[in-house]
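Comments concern the structure below.
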Amino acid sequence: MKKSNKKAMSKDERALNILNIIILSVFSIIFLYPIIYVLSNSLSSPYMIAQDQIWLFPKEITFASFEQLFSTPVFNSAIKNSLMYTFLGTLFGMSLTIPAAYFLSRKPKAYMFWLWFFIINMWLKAGVIPTYLNYVDLGLINSRWAPIIGMNVDVFNIIILKSFFDSIPKELEEAATIDGANSWKILTKIHLPLSVSALLTVAIFYLVEGWNSYFWPMVVIDDTSKQPLQVLLKKWVVDLEVDGAFEVVITENTAVSQDSFIYATIVVAMIPMMILYPFVQKYFQKGVMVGSVKG
């Protein structure tokens, strides 16, 4: 009876593994195909794109669209703006998230009040119009600081970091306090070095949010020279404002078309986050489990 039970269990496990592989394979194809499709179109000739010949792999490979893209001044300006806004916005967010998370992890007086103060702000926000009017009063419209400050501080990230700080043994803080360390030294010498995975996880959230953000920068910045890449991409893809540069008859000898140009822009917009993630994946996997297990 025991042997038959073991065989039955092994069959069930094998069937479950096969089912998991099938499901994960289907989802992988669903998520990867749009990326492969866009990449293939960006590398294919405009004639093949116009004839709907691209399904999976590129045909008549050419880099003309990318060459045209990187020689476009407005694109170069937009990508520089995106890099600057994302980097500075992440620094701004982290500089406020870390002290807030540390403050909550110290269980201050009226702890529940402060905890709910943050949580309510996660659920209830002023809205776009009041925030915009606030930026108008502050003179930040068409300022490069507007999208940086506009990334704001995500309360969800504060809670993640607070949970990790809570998991650090209190004995370390007590020993440091006995040695005369103040709160600043405890934060910088104990909490931050022990929280690399959580810090990188939160930083990734801010980086992705900043890089992909287009609505708020579109609202507060009208000057094309200050707009980030995502706003420019929205104009080209959704509004089809490519300045009429590609109103051409597509033939077999056409080097660049509006479609190939837009596909190349989408690929460039995807690349930074796709390059970044593999390098921080191990830290991200640790960080997303923050607070899930309490010892």
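Below 8 Å, C-alpha to C-alpha, sequence gap of six or more: please give me the relative contact order for the chain in percent.
Dividing the mean separation by the residue count of the chain yields 30 percent.
Only one residue of MET218, ILE30, ALA146 has its Cα farthest out toward the positive end of the dipole of the chain, where Lys and Arg carry +1 and Asp and Glu -1 on Cβ, and that residue is ILE30. Mean sequence separation of contacting Cα pairs (under 8 Å, at least six apart), scaled by the length of the range 56-184, corresponds to a relative contact order of 38 percent.
Each Lys and Arg adds +1 at its Cβ and each Asp and Glu adds -1 at its Cβ; summed about the Cα centre, the chain shows a dipole of about 1860 debye. Between VAL196 and PHE117, the modelled label-to-label distance comes to 3.4 nm, taking each label 7 Å out from Cα in the direction of the beta carbon. Neighbour counting of Cβ atoms within 10 Å sorts the residues PHE118, PHE156, PHE27, fewest neighbours leading, into PHE27, PHE156, PHE118.
By other beta-carbon atoms within 10 Å, ranking THR90, THR265, THR62 with the fewest at the front produces THR62, THR90, THR265. Each of SER183, SER197, SER25 was scored by other Cβ atoms within 10 Å of its Cβ. Arranged with the fewest first, they read SER25, SER183, SER197. Once the chain from PHE70 to LYS185 is taken as fully extended at 0.36 nm per residue, the excess over their C-alpha distance is 36.8 nm.
For mean projected area of the Cα convex hull in nm², the value computed from the atomic coordinates appears in the list (i) 15.3; (ii) 17.6; (iii) 23.9 under label (iii).
Normalised by the residues of the range 1-118, what does the relative contact order come to in percent, with Cα pairs under 8 Å and at least six apart? Reported relative contact order: 13 percent. The calculated P(r) of the range 49-190, using every Cα pair and 5 Å bins from 0, goes 2, 7, 11, 12, 13, 11, 9, 8, 8, 7, 4, 3, 2, 1, 0 in percent.
Throughout, read-outs are computed from the coordinates displayed, never taken from laboratory work. This one's a predicted model, so the numbers in the text were calculated from it and none came from an experiment. Because the Cβ atoms are built from the backbone with ideal geometry, glycine has one as well, and the counts that use them run over all protein chains shown.
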